[in-house]
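I have placed the structure first, in the form of structure tokens, so that the comments after it can refer back to it.
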Amino acid sequence: MNSKTNRKQDTKKPQLPKISKDITAQDSTVISTKENTKPELSGIRKGSAPKIRNSTQLIHYGIGKSNGTDVLQLISNTNNGLFSDELIAIESIQKCLSGLANGSTFTSRIFHSLFKQKSNNNAGFLGAVLR
């Protein structure tokens with residue numbers, strides 16, 4: 001018998017409450033997470049968006065409030081791809097986009113500065129959600 005044991009990771013997702021449809025930016029602060037704790041997000045409205053490179057795969061996200069700030073959080077995806085579940089202030093996202101000309105194209109790299117954890121997928125997944 002093999003001395004190694006297989007351990008399943010806890011994949012249970014928290015139940016998320018609904019949020020009203022009206023969300024406005026109030027603060028440009030990026031909400032960071034403490035080590036080994038999940039960010040606290042209340043009044044969540046969940047959604048899904050197709051990934052940029054493979055539209056058959058989805059990114060799941062939530063929009064809500066944390067400490068009075070409107071935030072967006074990447075929650076899960078339907079396939080491989082690590083990402084951060086940091087809370088990103090909506091106003092910070094708007095500031096990244098505010099310098100762009102109307103109708104101009106851009107890459108998701110403009111969102112890299114919004115994340116403290118530097119997974120290569122963070123900015124691309126956020127770009128897919130915002131598309």
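The table below gives the values:
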read-out: Checklist (1) out of contact with any helix residue (DSSP H, G or I) (no Cβ under 8 Å at 6 or more places or on another chain); (2) more than 16 Å from G62 (Cα to Cα) applied to V129, failing item; value: (2)
read-out: Within segment 80-122, tally of residues that are more than 20 Å from L41 (Cα to Cα), small (G, A, S) and either in contact with a His (Cβ under 7 Å, 6 or more places away or on another chain) or outside any loop (DSSP other than H, G, I, E, B) (or both); value: 3
read-out: Which numbered condition L126 fails, given (1) within 27 Å of N79 (Cα to Cα); (2) at pLDDT below 90; (3) among the hydrophobic types (A, V, I, L, M, F, W, C); value: (2)
read-out: Flag for K34 being modelled with pLDDT under 90 and farther than 16 Å from L130 by Cβ; value: yes
read-out: Matching option when the condition is buried (at least 17 other Cβ atoms within 10 Å of the Cβ) and in contact with a helix residue (DSSP H, G or I) (Cβ under 7 Å, 6 or more places away or on another chain), among I75, I110, I88; value: I88
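The values are calculated or read from the model by the stated rules, or taken from the named source; none is laboratory data. Please read all numbers here as calculations on a predicted model, not as lab measurements. For neighbour counting, all protein chains shown are included, and Cβ atoms are generated from backbone atoms with ideal geometry for every residue, glycine included.
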